[in-house]
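Colleague: Let me give you the structure first, and then I'll get to my questions.
The values are calculated or read from the model by the stated rules, or taken from the named source; none is laboratory data. None of the values given here were measured: they were computed from a predicted structure. Positions of Cβ are generated from backbone atoms using ideal geometry, with glycine treated the same way; all protein chains shown enter the neighbour counts.
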Amino acid sequence: MARKSTMREARMSTPTQNANNERLLTPGEVATLFRVDPKTVTRWASAGRIGSIRTPGGHRRFRESEVRGMLADLTSEATLPTRG
């Protein structure tokens, strides 16, 4: 007999988006991008280093565009040494 998928499974498989149709990331997803612990991301949000949105259930979500921008600002491309 086929099993019905639950609402929780449906939510877990669909990316979260805000009213502007922008993807929202979980603290775990942000942590993976920055290679830090999810708790560090939560601390950054509490300190105001990165903006967050609260879900109706009280969970934090982060705008993907803001996260990618912050990552780009903190990442620098390797440059060749200059001869002189």
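Colleague: Is it the case that some residue within region 72-79 is modelled with pLDDT of 75 or more and surrounded by 10 or more Cβ atoms within 10 Å (Cβ to Cβ)?
Modeller: no
Colleague: May I ask you to verify whether Gly69 is under 21 Å from Asn20 (Cα atoms) and either at pLDDT below 95 or part of a strand (DSSP E or B) (or both)?
Modeller: yes
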